[in-house]
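Colleague: Quick one: this structure, given as structure tokens, is what I'll be asking you about.
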Amino acid sequence: MKKSVEIIGFPIISISAGEEIGKVKSIVINPEKGSVDFLTVEHEDWQVSVKAIPFQKIIGIGEYAITVESSHSILDLNEIPIANQLINKKVSITGARVMTRVGELVGEITEYYVNETNGQIISVDVSTAEQNNFEVSSEYIITYGENLIILNEEFSTREVETREVEKAPSQVESKKTLHFSTTANQERVDDLDRKQDELLEGKQATKNIVNSQGETVVTKGAVLTKSEIDQLKQYGPSVMVELSMNVK
């Protein structure tokens, strides 16, 4: 398991040549899979072209470097259109806000952890407004957005085992249990759902809202009614969050 900060900026070593062939510039997230699919690479000799390594080409991520078989593992982005598509989605986990499916803001992500073997995101560290720091397993994450992460209902109905995030390498981790207001009971969840309806009812959409199939479910300028809001819930949390952020 590796922190993102233990990957970005790391030197990339070619095993066959026995030399450094670049450094990791950024991590490219696949939001549908919840994984790291590519690492973009920078090198002082590359002035224009942008290059990347498919995560599956990585031999190992060690304490001091990332190893690949050869320089042929680094590809020009023109050769891998999927990497361009993922980069354009601009999914950045660190700094993203965390929200539950029922619309409660939980906190902000300060770090995330990656399985160095397959690139899967294992968990994220979250900091709340009250400066509580805790870890959330990726099993609770249902949506990776550009600047927003959505958690599922299971997170809203369980106690969350948490740990104090490391502030220094020598600091010893400690575990604690944190209770959120969103985990109180079903009555609380229903109350939040009702409040969301009240906040949206009578508001005007400032842009077209589309579902996961790309279909427009709310047109720009539409004034929302209670029945329309109830119908929109069938499209899932991503539509409701997008709608909440684009009304006046």
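Colleague: Please specify each residue of region 66-101 satisfying the condition of being surrounded by fewer than 15 Cβ atoms within 10 Å (Cβ to Cβ) and aliphatic (A, V, I, L, M).
Modeller: Ile82
Colleague: Quick check on my filter: what residues within region 209-248 are modelled with pLDDT of 85 or more, assigned to a helix (DSSP H, G or I) and under 13 Å from Glu198 (Cα atoms)?
Modeller: Lys226, Ser227, Glu228, Ile229, Asp230
Colleague: Then there's this: Evaluate the following for Gly119: is it modelled with pLDDT of 90 or more and surrounded by fewer than 14 Cβ atoms within 10 Å (Cβ to Cβ)?
Modeller: no
Colleague: Before we move on, is Ser4 crowded, with 16+ Cβ neighbours inside 10 Å and either without any contact (Cβ under 8 Å) to a residue 60 or more places away in the chain or polar (S, T, N, Q) (or both)?
Modeller: The answer is yes for Ser4.
The values are calculated or read from the model by the stated rules, or taken from the named source; none is laboratory data. Computed from a prediction, not measured in an experiment: that's the story for all the values here. Methodologically, a virtual Cβ is constructed for each residue, glycine included, from the backbone with ideal geometry; neighbour enumeration extends over all protein chains shown.
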